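To start, the structure itself, in structure tokens.
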Amino acid sequence: MSWGTELWDQFDNLEKHTQWGIEVLEKYIKFVKERTEIEINYAKQLRNLSKKYQTKKNSKEEEESKYTSCKAFQNTLNEMSDYAGQHEVISENMSSQIMTELIRFVQELKQERKSNFHEGRKAQQHIETCWKQLESSKRRFERDCKEADRAQQHFEKMDADINVTKADVEKARQQAQIRHQMSDDSKGDYSSVLQKFNGEQNEHYHTHMPSIFQKLQDMEEKRIARLGESLKMYAEIDRQVIPIIGKCLDGITKSAESINEKQDSQTVIEAFKSGFEPPGDVDFEDFTQSIKRTVSDTSLTTTKADGKTDPKTPGKSRGKLWPFIKKNKLSLKLCFGFHQGATPEDFSNLPPEQRRKKLQQKVDELNKDIQKEIDQRDALTKMRDVYLKNPQMGDAGSVGQKLIEIGNNIEKLRVEVQKFESWLAEVEGRLPVRNDSSRRQSGLYETQNTAPVNNCAQDRESSPDGSYTEDQSQETEVKVTPTEFDDDFDDEEPLPTIGTCKALYPFDGENEGTISVSEGEILKVIEEDKGDGWTRIRRSEEEEGYVPTSYIEVYLDKNAKGQSGPSLRPSKIKEMHL
């Protein structure tokens with residue numbers, strides 16, 4: 001079926017129809033454009049959502065990422081980011097493969113349509129001109145025929161009238177002949193124009209206009225086919241990303257299946273295990289032993305007269321505070337709290353198990369740094385050898401200076417490794433006693449940053465002032481009522497000297513029960529370190545107290561033995577609390 005034969009007289013309707021077809025194509029282009037905007041906005045929102053819940057570096061969330069459930073969630077966020085990327089691909093492909101191509105196609109279509117209809121209007125104008133010429137020739141022939149007929153009738157009338165002169169008759173006859181001649185000429189002209197018009201009209205309706213209509217038909221069919229191809233492309237662009245989106249969803253499913261609740265439970269143990277043993281049973285303290293079952297006036301009088309009490313019987317308190325208890329108040333650190341202040345270098349503020357993990361992590365990091373420095377040193381050594389063989393390639397001296405710096409760095413790192421390994425070995429029980437240098441190093445931090453460990457029952461003897469801090473929501477204070485044990489201690493004999501010591505660092509001794517010392521000062525040792533990091537010393541008969549063991553260098557007498565004095569050590573504070 002051809003428009004040229006079936007729609008030969010529908011030129012105007014075809015003009016409107018083809019314009020409507022182009023508008024349909026433009027509407028589809030607008031639809032695709034809005035779809036691309038939706039896809040790009042959706043992808044942006046997905047990316048922002050994924051970024052919002054990503055683990056932030058150097059935060060608590062980064063520590064939590066070791067759990068399989070958190071890892072699965074993070075993998076899901078990563079998959080969602082890739083998922084968003086596929087929607088960006090949809091937007092880009094629709095924009096480049098559909099929108100851009102269709103916009104160019106529509107411009108070409110409009111130009112082609114304009115050219116075809118311009119040619120059709122030109123052909124219509126030509127046939128209309130031929131028709132007008134034919135009509136003009138026809139009217140002229142008709143007019144000349146009528147004039148010739150009237151001239152013939154006038155001649156016949158004049159010729160029949162006997163009163164008309166011969167000259168008038170002759171004139172009428174000549175006039176009739178002229179009109180007949182004009183009529184014959186008009187007839188010939190009309191016949192020629194008619195023949196020409198019929199040829200033009202035949203060419204117009206059977207050749208020229210069908211050709212134009214065919215072009216319009218081809219143009220319209222091409223537009224329809226292009227729209228169909230674009231719709232297929234529209235679906236194919238979506239279909240192309242479906243496998244990748246499926247992989248993203250498979251990745252999310254795989255992440256969900258990788259969650260191991262038992263492993264996470266074990267990770268909790270590794271994260272919070274302190275390494276301490278649970279506290280044992282509290283011994284019963286029988287205070288009835290000091291009560292006399294039979295009380296007589298004589299014994300009562302004697303007791304009052306003597307004015308002395310049994311050393312084991314609590315006497316009247318004079319309000320003296322126990323050592324390591326500041327302002328008669330002990331602020332206990334709850335489990336898993338954190339000390340306010342800087343973290344000690346040897347992580348002595350942590351429980352044994354956590355401290356071991358931190359020290360091992362530090363040793364591994366230092367070893368990695370050493371390996372990096374060694375690799376860099378090897379590379380520079382090769383470069384120096386090349387420069388020595390080929391001086392024009394570079395200065396070997398500059399490389400040598402760099403090698404010296406790297407060597408110094410390696411030596412410093414190895415010293416650090418040895419230091420942390422010694423602390424690690426101590427925690428793991430490989431070293432029975434700290435050496436003096438490590439004791440001084442860690443003890444310095446232990447004094448300056450009195451941080452508790454995570455086991456509440458064994459945590460109450462870590463600092464000279466007996467105070468521990470944690471988050472406000474977890475801090476509790478236990479008031480200790482002054483007892484009458486001090487009276488008994490005041491009556492005991494002073495402890496004997498078991499050695500001497502030299503102060504390595506100055507110590508203020510601001511807390512009650514401690515004593516201030518100056519660097520280099522020589523003092524007497526009256527009670528050695530019981531494992532709590534404190535040594536009891538004496539300057540004079542009236543000045544004695546505790547100082548950090550790491551702050552002094554102790555010289556014990558071979559035959560002397562440490563004795564327990566009247567002042568409470570941290571272990572005594574724990575017993576009193578219990």
Legend entry - Sites matching trypsin sites (Lys or Arg not before Pro) across region 40-133 that sit in DSSP coil, with at most 11 neighbouring C-beta atoms within 10 Å: LYS56, LYS57
Legend entry - region 1-24 and region 358-405: distance between their alpha carbon centers, rounded to Å: 82
Legend entry - R0 of 51 Å, Cβ-Cβ distance GLU229-GLU257: FRET efficiency to nearest 0.05: 0.75
Inset, instruction - Name the long-range amide H neighbours of ILE552: under 5 Å, sequence gap of 5 or more, or other chain; modelled H, no Pro or chain starts. - result: LEU504
Inset, instruction - Would you mind computing, in nm to one decimal, how far apart the modelled labels at PHE31 and SER516 are, each placed 7 Å from Cα along Cα→Cβ? - result: 9.0
Inset, instruction - Show the residues, 5+ positions off or on another chain, whose built amide H is closer than 5 Å to the amide H of GLY499. - result: VAL525, ASP557
Legend entry - Sparse-neighbour loop sites [GluC sites (Glu not before Pro); region 231-294; at most 10 other C-beta within 10 Å; DSSP]: GLU285
Inset, instruction - With a Förster radius of 60 Å, plug the Cβ-Cβ distance of LYS114 and ASP82 into 1/(1 + (r/R0)^6) and report the FRET value to the nearest 0.05. - result: 0.80
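Read the figures in this text as sums done on the coordinates, not as results from a lab. Because the structure is predicted, anything quoted here is derived from the model rather than measured. Every residue, glycine among them, receives a Cβ derived from its backbone with ideal geometry; neighbour counts consider all protein chains shown.
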